[in-house]
Structure formats: C-alpha cells, structure tokens
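A short write-up of the structure that comes next.
Laboratory data are not the source of any read-out in this text; all were calculated from the coordinates shown. Because the structure is predicted, anything quoted here is derived from the model rather than measured. Note that we place each Cβ from the backbone using ideal geometry, even for glycine, and neighbour counts take in every protein chain shown.
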Amino acid sequence: MGKKGAKKQETIGVTMKPEELYDELENGVKSIEQELEIRTRAAEDHTRIFQEYKREVDNVDETGRLNRMITTSVVGDHARRYKATQDVLIQEINSLETNLAELREDREICVNEMEEMIRDKAKEYELKEIKEQEARDKVEQTAAEFISMMEELITKLQNAIKATLPEGEGYSSAIQLATSDLSNLDESDRRRLERKARDFSKEMQKEVLEKIRELETPAVSDLLSEDESLAVPQSA
C-alpha cells in the first residue's frame, strides 16, 4: 500500500498493443517449445545411448558372470581331476614303494641263500678234492704195492723157473725158435720147431701155475684163478 497522494510510477518504454503483446508472447512460446523439443530429442538421444550402454554393460556383466561360472566349473573340474590324479599317483607310489621294499627283502634273502649255497658248495668241493686226493694217494699207494708185489713175484718165478726148468728138447726148441730167423728155415724145420715150442709152452704153463700156487700169494692167485690155462694160438 502506498501513501496517499503518492504519484503513480510511469511506464518505461513504449506501451505495446494487446495484439502485439500476444504475438510476441506466442513467438516466445514457440521459441520455448522449439528449444524444449530440441532438448527433448537430445535427452531422448542421451537416454537411448544410456540404454544402449546399459544393455552393453548388462551384456558384459552377463558374459562376465557366465565366464566366471564356466571358469569356476572348469577350475573345479580340473581341481577334482588333479585331486583324483594325485590320489591315484599316491596310491601307485605307495604300491611301488611296497613292491620295491618286498623286492629288496627278497633280493637280500636270495643273496644270503646264494652266499650260503656258495659256502656249502665250496665246502663240498673242498671235501671232494680231499677225497679225490686221498683216493689218488690210495691208488698210487696200491699201485706201488702191486708193482712191488709183482716185481717180487716175478723174481721168485724167475728163480723157481731157473731152478726147475728142464733142459730138454722142448726148451732148446723154444730158444731156437725165438732166436732164429724163420725166413732162413725150411718149412718142415719151422713146423717142427713150432710144434715142440708149443708143447713146451703148455708144459711151462702148468708148471708156472703150480709154482704160483706154491708161493701162496693171494692177490696173484685171485687174478689167475678165473683162467688157469693160458691159451697159445695155434700156428697154421
């Protein structure tokens, strides 16, 4: 409220007519509507771009989620396979260690048995060598005794034969047949000497056997008891 008697404020500028004012306001409204339309289209463009970005982000998020799920599944599968493979390998390693320990134990047992067998065989070979040496010594001793006995027997036989050998025609014929050259004798002389020597040989065989029995040598008697007669081949 103003004071009484105050002067009214005067309008600055030119007073517009209502028609002019209406046109001006209408132009302003149109300008504002155009600006609003431009801004609305810009906002819609921004909204559309935002929605596209949002869809892309959602797609990326979904892809990431799927990738995470796949990665988690693959990692879990690999982890389970690794754990199963690890368990199998641990079992195989334990089995191999057990088999290795058993093989080592068996090898030690076999080595001990082989060493014991080698020692036993060495003892057996040593005993065999000792027995063989004893047998060789015994054979050599027996052979030496037999040779000595035979030499003694031959000496006694020679002495006995010299003491009792008859100086007859058979003896002379035998000596003559043994020392003569048969190629220089006639056929009749050669046959006569052979016949006399053969008869003399039979007589000497009997006498030698009798002398051997008289000497009482059991070893020689046993050797000659199987065949008391000495066969002399007949000459043609």
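Here r is the Cβ-Cβ distance between residue 136 and residue 106 and R0 is 41 Å; the resulting FRET efficiency, rounded to 0.05, is 0.40. The Cβ shell under 14 Å around residue 99 holds other residues with a net charge of -3, Lys and Arg each +1, Asp and Glu each -1. FRET efficiency for the residue 126 to residue 94 pair, using the beta carbon distance and R₀ = 35 Å, is estimated at 0.15.
On full extension, the segment bounded by residue 40 and residue 23 gains 3.6 nm, given 0.36 nm per residue less the C-alpha separation. The HN-Hα couplings worked out from phi for the stretch 29-42 by the Karplus form 6.51 cos²θ - 1.76 cosθ + 1.60 (θ = phi - 60°) are 5, 4, 4, 5, 5, 4, 4, 5, 5, 4, 5, 5, 4, 5 Hz, whole numbers, x standing for Gly and Pro. Were the residues from residue 117 through residue 152 laid out at 0.36 nm apart, the gain over their Cα-Cα distance would be 7.5 nm.
Arrange 68, 191 by Cβ neighbour counts within 10 Å, fewest through most, would you?
68, 191
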